[in-house]
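The values are calculated or read from the model by the stated rules, or taken from the named source; none is laboratory data. Values in this document were obtained by computation on a predicted structure and should not be read as measured data. FYI the Cβ positions are ideal-geometry reconstructions off the backbone, even for glycines, and counts take in every protein chain you see.
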Ligand SMILES: NC(=O)c1ccc[n+]([C@@H]2O[C@H](COP(=O)([O-])OP(=O)(O)OC[C@H]3O[C@@H](n4cnc5c(N)ncnc54)[C@H](O)[C@@H]3O)[C@@H](O)[C@H]2O)c1
């Protein structure tokens with residue numbers, strides 16, 4: 001059976017990805033810094049749990065030790081620390097960049113060897129639409145996701161000799177445990193959904209479907225790409241022109 005590691009899979013989008021990859025026939029290693037959450041999702045998907053803090057090289061190294069072959073790595077673990085740029089401190093800067101950027105790089109470095117065995121592997125990084133369209137008030141989050149996008153392109157080139165493909169999925173507004181605090185006003189959410197060309201907010205399985213494409217051999221000739229899965233949010237300037245001209 002092919003094997004996949006999904007980081008930050010204890011809830012939200014990561015959990016949705018773990019469910020989808022299990023459905024696709026992968027044995028899933030549910031990696032999260034929250035042990036109870038990892039165990040719960042691992043039981044749901046018939047996979048195994050791994051306690052792993054992606055910012056800690058020793059913790060990521062221990063995860064790599066337990067893998068012989070690996071087909072897919074999904075770098076999904078990420079944090080939001082929203083604040084105006086004027087309030088970003090060296091500590092909050094490092095916290096966000098550590099999980100969102102360094103964590104993805106450490107996992108690629110540590111898992112490249114098991115990924116390169118067999119037929120070659122696929123890495124899928126979870127970026128964000130904010131990598132393309134920075135969102136005011138999100139502190140270092142938008143710049144961190146722009147860095148994930150750049151890391152995706154660079155890693156696609158540098159790891160190609162090991163037959164590892166590297167792509168990214170960039171979600172728009174997805175309803176998860178992590179985003180719930182920002183989406184707690186139903187009236188505002190209704191207005192937001194109406195403004196999206198897709199007419200609704202996204203769900204983890206919308207993102208998981210795109211990850212599934214990059215994970216499988218259907219995408220065998222695709223590397224270094226970032227796919228926006230945002231219900232059309234980033235083409236939102238079109239409604240702007242419609243309103244401005246109307
Ligand atoms: N929800 C959205 O609207 C949205 C939009 C764009 C991008 N994203 C990205 O999707 C990913 C998942 O988002 P979500 O909303 O599901 O988040 P979430 O907060 O609901 O879940 C994140 C999970 O990651 C784990 N985690 C956090 N830090 C970790 C670390 N250092 N090591 C290992 N695990 C860690 C948490 O324990 C949690 O289980 C993130 O990379 C996020 O930036 C989300």
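Filter the stretch 198-231 down to the residues that are surrounded by fewer than 18 Cβ atoms within 10 Å (Cβ to Cβ), without any contact (Cβ under 8 Å) to a residue 40 or more places away in the chain and within 15 Å of the ligand (Cβ to nearest atom) and list them by number.
Within the stretch 198-231, 198, 200 meet the criteria.
From the list 138, 176, 234, exactly one residue is touching a helix residue (DSSP H, G or I) at 6+ places or on another chain (Cβ under 9 Å) and either more than 14 Å from the ligand (Cβ to nearest atom) or assigned to a helix (DSSP H, G or I) (or both). Which is it?
234
Which condition from (1) assigned to a loop (DSSP other than H, G, I, E, B); (2) under 13 Å from residue 31 (Cα atoms) is the one that residue 81 breaks?
(2)
Just checking, which of 143, 204 is over 30 Å from residue 3 (Cα atoms) and modelled with pLDDT of 90 or more?
The conditions single out 143.
Quickly run through the stretch 83-112 and pick out the residues that are touching a strand residue (DSSP E or B) at 6+ places or on another chain (Cβ under 6 Å) and within 11 Å of the ligand (Cβ to nearest atom).
Scanning the stretch 83-112 gives 104, 107.
All but one of (1) surrounded by fewer than 20 Cβ atoms within 10 Å (Cβ to Cβ); (2) part of a loop (DSSP other than H, G, I, E, B); (3) more than 9 Å from the ligand (Cβ to nearest atom) hold for residue 189; state the number of the condition that does not hold.
Here residue 189 meets the rest and fails (2).
Go through the stretch 1-69 and tell me which strands (runs of 3 or more DSSP E), entirely inside it, have 2 or more residues that are in contact with a strand residue (DSSP E or B) (Cβ under 9 Å, 6 or more places away or on another chain), within 13 Å of the ligand (Cβ to nearest atom) and without any contact (Cβ under 8 Å) to a residue 24 or more places away in the chain.
Counting at least 2 such residues, we get 48-51.
Give me the pairs: first residue in the stretch 165-187 and touching a residue at least 40 places away in the same chain (Cβ under 8 Å) and over 12 Å from residue 13 (Cα atoms), second residue in a helix (DSSP H, G or I) and near the ligand (Cβ under 10 Å from one of its atoms), beta-carbon distance under 7 Å, and six or more apart or on different chains, which are they?
168/148
Evaluate the stretch 75-82: report whether one residue or more is modelled with pLDDT under 95, within 10 Å of the ligand (Cβ to nearest atom) and closer than 23 Å to residue 10 by Cβ.
Looking for residues that are modelled with pLDDT under 95, within 10 Å of the ligand (Cβ to nearest atom) and closer than 23 Å to residue 10 by Cβ, one finds at least one in the stretch 75-82, hence yes.
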